Amino acid sequence: MTDALPTTRPLGTAEDAACVRPVPAAPGWLPLLGHTWTLWRAVRRSGLYPYLTGLAAAGPLLRLDIPTAPMVVVTDPELAWQVMVTQGGAFEKGMLYTKMAPLVGAGLATADGTTHRRHRRMVQPAFHRSAVAGYARTMSEHALAMADSWKPGQVLDVDQATAALTVDTLAATLFDADLGRAAAEVVRADVPVILRHMLVRAALPRALDRLPLTAHREFDAATARLRAVIDEVVSAARSSGRPPGLDLLSLLLAARDEETEEGFSDAEVRDELMTILFAGSDTTGSTLAWALHELAAHPDAERRLHAEVDEVVGRGGTVAAADVPRLDHTRRIVEETLRLHSVTMLMRRTLQPVTLGGHLLPAGTEVAYSLYALMRHQRHFPDPDRFDPDRWGEGRRQEIPREAQLAFGAGARKCIGDTFAMTEMTIALATVATRWRLRPAPGPRPRPVMAAMPLPDRVRMRVEPR
């Protein structure tokens, strides 16, 4: 039996106002400094992630005082569900997204209100299961090219290989092969640069953007090049008169709002393509790298993976769209890896006074929650740091409430590309498993680097034929 769900609702009466309590401060608050010193020390000692997961022991809702970004942190999965789903209409995108908007445009990640609802309606068909099945062949071809490029005994940086695979696959599914060749080259070169600097850029006060730092110059130049080349491709595709293809660009250009029959402008198409590139790159590339690292440390899970792909695909075979639903253990590995290495932080802002778990949040309150920490909550995930793909098997999955299954978020702002990402990761992992067994190379274990996702700093592995 789980605890009673905390409540989230708009503040409506004097009685409501009388019953609320002030939000307690997170551990480590200091006069004048707030939590700045505590966070800095945590990052210096062991990284931000242990601090985030440890907050749950202090309470379900905590105040984090940072001079440039005061916020309330939700550490309870049920409370986070209330913010995302039950009372999602009382919240808008938070300050992190406000800062990102000039960087990535007004796509689904940063849009709010009617704009968000309109864009989601129009983009959704491009990520429907039937559309994703059409992308599966491209996903498989690129995964096969990566796996076939490896040699027995080779030591490689798996994180770099999977990051390149993700960007290449996205470029191939985004653009028509002829029109998008130049764009694909820019995507491969510049998306990694942008991702490397984006979180820090979004978190810094805007006044610091003008500092003459190398990171700022690299970020600005890469963003400008990417915007320019996507603008060129969108314009060329719009004016070409060619019949629509199965690439995402063609689907977005052909999309029509079912309520108004209006399509996207060229700028709106560009912003959605930018959003897809940034949202899809970190998640898939880092998850695959972590999955291969986890498998090397858990031989039973690896053995069962090899047995499954041998039965479904065949040793050295090519993974097809029809194989994906049968790769059950492979999917569990992906899901458990996502649980252990999930999104660092998401933010919302209250549109009106709200009560959350008995605490008053005034309008304009920044609310943050870490999927990384929520997916390690001990109430729903016993032995939360253990890699256990069978958590997601039949029977045990039903023991995990929907409020705790948050790898792709929830509610109206749930990641629209969840099926796309799961399909791509399942195909890539199965493709590698049909050919290779990867073993850790000598050196330190990978450590998570703070970014939108906890990226591995380096995953060095030796390739062994099966």
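Please list, in chain and number order, the residues 5+ apart from Val367 or on another chain whose amide H is under 5 Å from its amide H, with Hs placed from the backbone.
Residues meeting the amide H criterion: Val72, Arg348, Arg349, Thr350.
Using a Förster radius of 35 Å, what is the FRET efficiency between Arg225 and Asp457 based on their Cβ-Cβ separation? Nearest 0.05, please.
My answer for the efficiency is 0.85.
Give me the number: length gained by fully extending Leu30 to Arg242, i.e. 0.36 nm times residue separation minus the C-alpha to C-alpha distance, one decimal in nm.
Between Leu30 and Arg242, full extension yields 70.0 nm more.
Based on the inverse mean of 1/r over its pairs of different Cα atoms, what is the Kirkwood hydrodynamic radius of region 8-465, in Å?
After inverting the mean inverse Cα-Cα distance, the result is 23.2 Å.
What residues have an amide H closer than 5 Å to that of Arg437, excluding those fewer than 5 places away on the same chain, when H is modeled at 1.01 Å from N in the peptide plane?
It is Glu464, Arg466, by chain and number.
Which value, in debye to the nearest 20, describes the size of the charge dipole of region 8-465 about its Cα centre when Lys and Arg Cβ atoms bear +1, Asp and Glu Cβ atoms bear -1, and nothing else is charged?
The dipole of region 8-465 has a size of about 1120 debye.
Below 13 angstrom from the Cβ of Arg402, what's the summed charge of the other residues (Lys, Arg +1; Asp, Glu -1)?
-1
Based only on Cα atoms, what mean projected area does the convex hull of region 309-457 have, in nm²?
11.4 nm²
Asp266 to Ala363: extension gain in nm, 0.36 nm per residue of separation minus the Cα-Cα distance?
31.4 nm is the gain from fully extending Asp266 to Ala363.
Using only the alpha carbons of region 21-95, determine the length spanned along each of the three principal axes and report them from longest to shortest in whole angstroms.
37, 24, 23 Å, listed from the longest principal axis down.
Residue separation times 0.36 nm, minus the C-alpha to C-alpha distance between Arg121 and Arg402: what's the value?
Contour length minus the Cα-Cα distance gives 98.8 nm.
For a label point 7 Å from the Cα of Ala215 along Cα→C-beta, name the residues of region 28-55 whose backbone N is under 16 Å from it.
Those under the cut-off are 40-41, 43-44, 47-48.
Would you list the P(r) distribution for region 384-456, with all Cα-Cα distances sorted into 10 Å bins from 0 and each bin expressed as a whole %?
Pair shares across the bins are 13, 31, 43, 12, 0.
I'd like the Karplus ³J(HN,Hα) series for region 220-235: coefficients 6.51, -1.76, 1.60, θ = phi - 60°, whole numbers in Hz, and an x wherever there's a Gly or Pro.
4, 5, 5, 5, 5, 5, 5, 4, 5, 6, 5, 4, 5, 5, 4, 5
Mark the label point 7 Å from the Cα of Glu311 along Cα→Cβ and return the residues of region 331-367 whose backbone N is within less than 16 Å of it.
Only 331-333 pass the distance filter.
Only Lys, Arg, Asp and Glu count, each charged at its Cβ (+1, +1, -1, -1), so figure out the dipole size of region 62-157 about its Cα centre, rounded to 20 debye.
So the magnitude is around 420 debye.
Values quoted throughout were computed directly from the atomic coordinates according to the rules given, and no laboratory measurement underlies them. In this text the structure is predicted, and so the values were computed from the model without any measurement. Don't worry about glycine lacking a Cβ; one is built from the backbone with ideal geometry, like all the others, and counts go over all protein chains shown.
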